[in-house]
1. What is the extension gain from residue 57 to residue 181, computed as 0.36 nm multiplied by their sequence separation minus the C-alpha to C-alpha distance, in nm to one decimal?
2. List every residue whose amide H lies under 5 Å from the amide H of residue 71, counting only residues 5 or more places away in sequence or on a different chain, with H placed 1.01 Å from N in the peptide plane.
3. Multiplying the sequence separation of residue 64 and residue 142 by 0.36 nm and subtracting their Cα-Cα distance, what value in nm do you get?
4. Could you work out how far apart the two model spin labels at residue 103 and residue 194 are, taking each label as a point 7 Å from the Cα in the direction of the beta carbon, and quote it in nm?
5. Please work out the ratio of the alpha-carbon Rg of region 99-168 to 2.2 N^0.38 Å and round it to two decimals.
6. What is the distance, in nm, between label points placed 7 Å from the Cα along the Cα-to-Cβ direction at residue 156 and at residue 94?
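Coordinate-derived values only; no laboratory data. Computed from a prediction, not measured in an experiment: that's the story for all the values here. Positions of Cβ are backbone-derived with ideal geometry, glycine not excepted, and every protein chain shown enters the neighbour counts.
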Amino acid sequence: ALSAGGARVALAGSAALVAAAADATTGSAGFEAAVVPAPGARPVAVVAGSGSHVTAAQAAHVGAADPAASLVLVTASDEPARGVEAAELALARTADLLVLRLDGVHPDSRAAVARLAEHAVALADGRDLVLTGGETARAVLTRLGVTALRPVAQLSHGAVVSVAEDGRLVATKPGSFGGPAELHDLVLLLHRLRAPHVPDPTAPPLLEAL
């Protein structure tokens with residue numbers, strides 16, 4: 001949601017619209033203190049709800065790039081969801097990088113995405129988020145009580161990082177967009193945004209504008 005002339009404006013459209021908003025928006029009420037993400041490492045949860053082959057490959061790449069990542073699979077069928085083992089949940093809660101995705105390549109299902117979102121919210125306390133798939137992003141953010149996002153960075157076309165009202169970083173991406181490393185690159189971007197800025201004494205001074 002944005003402010004325009006004192007009115008609240010909601011944007012509805014493709015990821016390209018969100019990308020344009022990231023380039024064009026200026027400070028809005030309630031977000032001034034959260035424009036720059038607070039420094040300090042935070043754990044990250046990647047929530048992959050899209051049923052595309054692209055998303056499945058991107059989620060697999062996250063695990064391959066970071067062997068310490070904890071993977072939680074949620075059934076995508078209409079049958080009762082399988083129970084997640086207590087040991088699996090305990091490991092997921094302590095992992096610095098958590099990947100939750102629907103099991104296998106599947107037709108998008110609102111019920112399956114809702115189950116995935118419920119698991120994500122149960123494990124996402126204090127985590128920055130990478131959400132892929134529009135229905136997944138909406139389901140997770142609604143359950144977390146997030147009502148507005150302030151775009152602050154863009155990795156690629158449609159892959160946007162925003163700050164939520166609670167200071168959480170939220171990266172969103174359409175499910176079928178990007179190359180195999182796109183989700184992992186978003187995780188790295190979140191880490192960079194959280195890193196404290198330390199001036200480099202060896203860097204040459206900036207020239208003053210003439």
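1. On the way: separation 124, 0.36 × 124 = 44.64 nm, distance 0.87 nm.
Separation in residues times 0.36 nm, less the Cα-Cα distance, equals 43.8 nm.
2. Amide H to amide H, under 5 Å and 5 or more residues apart or across chains, residue 71 pairs with 99.
3. 25.1 nm
4. Going from the residue 103 label point to the residue 194 one covers 2.9 nm.
5. Details: Rg = 12.4 Å, N = 70, 2.2 N^0.38 = 11.1 Å.
My calculation over the Cα atoms of region 99-168 gives 1.12.
6. Placing both labels 7 Å beyond Cα along the Cβ direction yields 3.5 nm.
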